[in-house]
Amino acid sequence: MTPEIAELAGAIIGDGHIHFSNRAGKTDYVISVAFNCTEDREYVSQLSHLFQASFGLTPAIKLMSHCNELILRSKFVTQFFSSAGIPQGRKAAVVVIPDAFLTDENLKRACIRGVFDTDFSVAFKKKHRTRHTYPVISLSTVSKPLRDQLHSILAGGGFRNVYSIDRIQVTQKGTPVKIHELYISGSKELERWMELIGSSNPRHKTKYLIWKRFGFCPPATTLAERQSILSGRISPDSFYGKAFP
């Protein structure tokens with residue numbers, strides 16, 4: 001087991017799927033991970049590289065109107081992650097980080113990084129200031145076991161300002177769904193996160209780097225805009241001509 005494989009496991013846990021199906025008498029073994037079309041476009045390449053480096057296989061990238069999907073068809077790889085403890089099929093409400101990735105601190109951090117890069121968000125609040133300076137890391141999931149597990153791991157690992165909230169969200173079809181949220185807030189906690197766990201996803205890293213350089217990060221920006229800020233082509237102050245909350 002390597003940190004790279006643990007990070008892949010985290011990505012599958014966060015927004016992926018393991019599926020075995022019979023098609024015309026033949027079993028199809030599939031791993032898929034969904035991504036935002038614009039914000040995660042570079043991260044897809046990073047995850048594809050991890051699959052190549054770890055298993056010598058190159059996933060396919062399926063482009064769709066609302067998201068992209070990384071797809072790998074391999075009996076060995078799907079059975080590997082399934083035997084490691086990631087459930088196949090509908091896992092959303094029950095998935096947790098398996099014990100196989102919790103036995104070593106490096107594996108644990110890498111796996112959490114994979115979950116973070118696919119299923120967490122990073123935002124900055126004004127907190128009565130004129131700029132968005134106060135960082136909040138958050139997870140919103142239907143898996144209460146995963147939320148509770150991460151809360152326990154992070155709080156036990158020295159993170160402060162960690163708290164959980166449960167709420168009911170109504171779907172577009174009118175079905176109420178219980179959502180389990182996890183929040184880690186504050187400047188010291190963001191610094192601790194990036195030092196101990198880190199991120200492989202430019203969606204998160206660009207926000208952190210802007211905040212680190214300027215002391216704030218404007219909301220509602222695209223990955224391309226944040227990269228332009230970091231390259232000096234755009235000033236982050238220019239976004240405050242808009243009506244941000």
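The values are calculated or read from the model by the stated rules, or taken from the named source; none is laboratory data. Fair warning: this is a prediction, and the values are worked out from it, not measured in the lab. Cβ sites come from the backbone with ideal geometry, for glycine too, and all protein chains shown count toward neighbours.
Observations
- Annotation: T103 fulfils all but one of (1) surrounded by 14 or more Cβ atoms within 10 Å (Cβ to Cβ); (2) modelled with pLDDT of 90 or more; (3) in a loop (DSSP other than H, G, I, E, B); the unmet one is (1).
- Failed condition for V170, given (1) in contact with a Gly (Cβ under 6 Å, 6 or more places away or on another chain); (2) aliphatic (A, V, I, L, M); (3) surrounded by fewer than 20 Cβ atoms within 10 Å (Cβ to Cβ): (1)
Residues are listed down the side, and each one gets a yes or a no for (1) hydrophobic (A, V, I, L, M, F, W, C); (2) closer than 27 Å to G156 by Cα:
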site: D40; (1), (2): no, no
site: F55; (1), (2): yes, no
site: A60; (1), (2): yes, no
site: N68; (1), (2): no, no
site: A84; (1), (2): yes, yes
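- Every pair of residues 6+ apart whose Cβ atoms lie under 9 Å, when the first sits in region 193-204 and is within 16 Å of L50 (Cβ to Cβ) while the second is surrounded by fewer than 19 Cβ atoms within 10 Å (Cβ to Cβ) and at pLDDT below 95: S200/Q46; N201/E39; N201/E42; N201/Q46; P202/E39; P202/R41; P202/E42; P202/Q46
- Selection from region 3-45 of residues that are within 13 Å of the chain's Cα centre (by Cα), over 16 Å from S74 (Cβ atoms) and part of a helix (DSSP H, G or I): E7, G10, I13, G14, D15, Y43, V44
- Total residues in region 108-154 satisfying the condition of being in a helix (DSSP H, G or I), more than 25 Å from L209 (Cα to Cα) and of a type in the set (A, V, I, L, M, F, W, C): the figure is 2.
- Residue count, region 20-35 (criterion: more than 20 Å from R109 (Cα to Cα) and either of a type in the set (A, V, I, L, M, F, W, C) or surrounded by 16 or more Cβ atoms within 10 Å (Cβ to Cβ) (or both)): 8
- Annotation: V96 fulfils all but one of (1) more than 26 Å from S138 (Cβ to Cβ); (2) in contact with a helix residue (DSSP H, G or I) (Cβ under 8 Å, 6 or more places away or on another chain); the unmet one is (1).
- Selection count, region 130-158, where residues are among the hydroxyl-bearing types (S, T, Y) and free of Cβ contacts under 8 Å to residues at least 24 places away in the same chain: 1
- Scanning region 36-54 for residues that are of a type in the set (F, W, Y) and surrounded by fewer than 23 Cβ atoms within 10 Å (Cβ to Cβ) turns up just one, F51.
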